[in-house]
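Accompanying notes for the structure given below.
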Amino acid sequence: MNIFADFNARITRAVEALDLKDKDGGSLDLSRIAVEPPRDASHGDLATNAAMVLAKPTGQNPRALAERLAQALRADTDIAAADIAGPGFVNLRLKDAFWQAHLTALLGEGRNYGRSTVGGGKKANVEYVSANPTGPMHVGHCRGAVVGDALANMMAFAGYDVTKEYVINDAGSQIDVLGRSVMLRYREALGDDIGEIPAGLYPGDYLIPVGQALAGEFGRSLLQMPDEEALAIVKDRTIDAMMAMIREDLALLNVHHDVFFSERTLHADNARKIRSAISDLTLKGHIYKGKLPPPKGEKPDDWEDREQTLFRSTAVGDDMDRALVKSDGTFTYFAADVAYLKDKVDRGFVELIYVLGADHGGYVKRLEALARAIAGDEVKLTVLLCQLVRLFRDGEPVRMSKRSGDFVTLREVVEEVGRDPIRFMMLYRKNDAPLDFDFAKVTEQSKDNPVFYVQYASARCHSVFRQASEQLGEANFDRNRLAAATASLTDEGEIGLIRKLAEYPRLIESAALALEPHRLAFYLYDLASSFHGHWNRGTENPDLRFVKVNDRQLTHARLGLVQAVSDVLTSGLTLIGADAPTEMR
């Protein structure tokens with residue numbers, strides 16, 4: 001159903017029929033032939049660069065070659081015109097009958113329209129959010145959650161075998177700090193005077209119920225245990241409580257992961273998985289003993305001027321080698337990353353996507369290098385960095401700090417503005433661009449609010465059917481009957497809407513391959529704009545209204561068009577993770 005892929009194949013066959021020869025005697029590379037919508041819709045429906053990319057290797061004038069190609073394409077029964085533009089582009093205008101037939105096929109596909117096999121069933125792992133289990137989700141986590149979730153949905157729709165994954169960072173010093181913080185809340189629940197929360201611990205009130213639950217379960221017995229034993233119990237209970245809270249917060253945002261991977265499992269059994277991963281890199285020649293020079297600027301806490309076990313990551317694209325085992329035999333944080341990535345590869349994933357915050361920019365090269373070292377060319381790893389979300393309330397920026405307890409939770413934002421505005425607006429900028437989230441703007445009902453504009457288009461589609469049912473006295477409108485009437489659609493605006501709908505399969509494939517879910521949000525806004533524009537034409541010209549009581553055949557055809565718009569809006573909004581409303585309240 002991807003007309004661009006269809007016509008790429010037709011144009012390729014036309015080129016092959018011209019029997020062109022490479023001037024150097026080799027075979028022509030036809031993979032660079034592209035078919036796209038023209039930048040100016042007045043130039044036609046499709047544009048191809050075929051003559052442009054083949055002129056030099058064949059030693060021909062691009063415009064002359066374009067004319068030969070255009071002449072061949074004019075024999076295609078679906079092509080109304082083939083014209084030459086600029087230095088050698090070929091613009092194609094398709095016949096109305098082609099668009100009418102495409103709408104018929106679209107209605108047959110329903111909400112599966114746009115579903116693709118371009119992913120080829122490849123196993124893809126999309127890891128996103130993965131916030132430390134030290135408190136509730138805040139709005140800073142929101143963007144990565146939405147980007148990762150929408151991308152995973154889109155990739156699955158495009159034919160990938162996708163796993164949505166969350167890694168629980170339940171090992172390391174921050175968990176020790178969390179445990180000590182909850183021990184204070186536990187004592188507080190027992191009636192002890194704990195005074196001010198010491199600097200360096202988590203002061204948030206969200207830990208009070210955890211302390212109360214511990215008091216209810218253990219009484220004062222934890223205070224009678226050795227500190228290490230008591231802290232281990234407290235950390236286990238706290239991580240469980242924090243992850244339950246995080247899952248609930250993510251569910252409010254309609255984010256549901258398939259796998260929650262515990263970092264602790266990498267350290268279990270004497271860190272067996274970490275040791276195995278390092279052993280694997282050693283056998284491949286990527287490990288050596290040596291010293292690292294101090295990094296430029298501030299030295300990290302784990303840097304030491306002693307011989308360590310190092311990963312020769314510069315040999316596979318990194319800008320510096322990385323320490324895996326310190327001189328005292330303990331593992332670095334990166335050692336766990338090595339084991340975790342190898343675990344993903346061992347699970348059969350060939351596409352690894354990490355959705356991280358902008359503050360993790362320094363991890364990109366080392367993860368890419370690690371993937372090359374572990375799996376060579378068999379695995380593709382991509383890191384998507386999400387820039388900060390700047391939250392505004394009453395025109396004033398809201399600052400967040402998890403350690404101080406002064407932050408705006410994800411739950412608060414969802415309860416104030418709703419799930420759908422958050423999900424849509426987090427995708428209405430590319431992930432690597434900063435995003436301003438204004439409470440007032442995302443809830444206003446106007447064209448300037450993209451999510452309202454798109455959802456209003458969905459509601460309008462359903463209102464058309466309610467109006468048609470009332471005026472025609474038909475309770476239901478069978479898809480097959482609507483599809484059979486599409487030949488009645490000849491208005492320029494109607495054909496234009498079908499043309500916009502026809503872009504959807506290409507959009508899904510290109511956005512999934514490029515890992516750019518924001519393209520879907522932009523497309524839905526454009527489709528909604530086209531639909532609202534055509535609606536307005538009917539307001540000005542009664543002959544263009546969707547329901548014409550005296551012409552049931554034309555009405556059915558136009559209802560088929562409205563149904564197709566509704567199908568694509570519903571499909572796209574579902575992939576984004578938002579609702580397609582039947583009416584606006």
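Laboratory data are not the source of any read-out in this text; all were calculated from the coordinates shown. Worth saying up front: this structure is predicted, and the values here are computed from it rather than measured. Cβ atoms come from the backbone with ideal geometry, glycine included; neighbour counts cover every protein chain shown.
Here is how the numbers come out for the structure above:
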{"quantity": "Gain in span if fully extended, Asn132 to Gln387, counting 0.36 nm per residue against the direct Cα distance", "calculated": "90.0 nm"}
{"quantity": "Leu391 long-range amide H proximity, modeled H, under 5 Å", "calculated": "Val398, Phe437"}
{"quantity": "Net charge dipole size for region 173-252 [Lys, Arg +1 and Asp, Glu -1 on Cβ; Debye, nearest 20]", "calculated": "80"}
{"quantity": "Peptides ranked, highest mean first, by Cβ atoms within 10 Å: ranges 511-520, 423-432, 219-228", "calculated": "423-432, 511-520, 219-228"}
{"quantity": "Angle in degrees between helix 552-576 and the longest Cα principal axis of the chain, rounded to the nearest 10", "calculated": "20"}
{"quantity": "Shape of region 144-292, Cα gyration tensor, a/c cut at 1.5", "calculated": "oblate"}
{"quantity": "Antiparallel bridge percentage (DSSP; both residues within the chain; nearest 5)", "calculated": "50"}
{"quantity": "Dipole of the chain [Lys/Arg +1, Asp/Glu -1 at C-beta], most positive-end residue of Phe546, Phe7, Gln308", "calculated": "Phe7"}
{"quantity": "Cα gyration tensor category, rounded, prolate or oblate, for region 317-385 with a/c compared to 1.5", "calculated": "oblate"}
{"quantity": "DSSP bridge orientation in region 72-190 - percent antiparallel, rounded to nearest 5", "calculated": "55"}
{"quantity": "Arg585-Thr117 FRET efficiency (beta carbon distance; Förster radius 45 Å; 0.05 resolution)", "calculated": "0.70"}
{"quantity": "Amide H partners (placed H, <5 Å) of Phe261, local residues excluded", "calculated": "Tyr166, Val167, Ile168"}
{"quantity": "Debye, to nearest 20: dipole size of region 30-131, +1 on Lys, Arg Cβ, -1 on Asp, Glu Cβ", "calculated": "340"}
{"quantity": "Burial ranking of peptide ranges 497-509, 169-181 (average Cβ count within 10 Å, highest at the top)", "calculated": "497-509, 169-181"}
{"quantity": "Whether region 3-94 is rounded, prolate or oblate, judged on the alpha carbon gyration tensor where a/c under 1.5 counts as rounded", "calculated": "prolate"}
{"quantity": "Listed residue (Ala459, Phe437, Met426) projecting farthest to the positive dipole end of region 420-467, Cβ model", "calculated": "Ala459"}
{"quantity": "Pair Lys296, Ser276: separation of 7 Å Cα→Cβ label points (nm)", "calculated": "4.0"}
{"quantity": "In order through region 380-388: 3J(HN,Hα) via Karplus (6.51 cos²θ - 1.76 cosθ + 1.60), integer Hz, x for Gly, Pro", "calculated": "10, 10, 10, 10, 9, 9, 9, 5, 5"}
{"quantity": "All Cα pairs of the chain, percent lying beyond 32 Å", "calculated": "59"}
{"quantity": "Between 0 and 90°, nearest 10: helix 208-218 axis offset from the chain longest Cα axis", "calculated": "50"}
{"quantity": "Hz values of 3J(HN,Hα) by residue in region 88-98 - Karplus curve (6.51, -1.76, 1.60), Gly and Pro given as x", "calculated": "x, 6, 10, 9, 10, 10, 9, 6, 4, 4, 5"}
{"quantity": "Only Lys, Arg (+1) and Asp, Glu (-1) charged, at Cβ; the chain dipole about Cα centre in debye", "calculated": "1280"}
{"quantity": "Proxy reagent accessibility, fewest Cβ within 10 Å first, across Ile84, Ile246", "calculated": "Ile84, Ile246"}
{"quantity": "Tilt relative to the chain, helix 173-189 - C-alpha long axis, 0 to 90 degrees, to 10", "calculated": "70"}
{"quantity": "Kirkwood Rh and Cα Rg combined as Rg over Rh, evaluated for region 173-252", "calculated": "0.96"}
{"quantity": "Derived scalar couplings ³J(HN,Hα) [region 155-166; Karplus, 6.51 cos²θ - 1.76 cosθ + 1.60; whole Hz; x for Gly, Pro]", "calculated": "5, 4, 5, 8, x, 8, 8, 9, 10, 8, 10, 10"}
{"quantity": "5 angstrom amide H check on Lys548, placed H, neighbours 5+ away", "calculated": "Thr555"}
{"quantity": "Ranked packing of 183-196, 24-37, 447-460, most packed first, by mean Cβ within 10 Å", "calculated": "447-460, 183-196, 24-37"}
{"quantity": "Summed side-chain charge close to Ile194 - residues other than Ile194 whose Cβ falls under 12 Å, Lys, Arg +1, Asp, Glu -1", "calculated": "-1"}
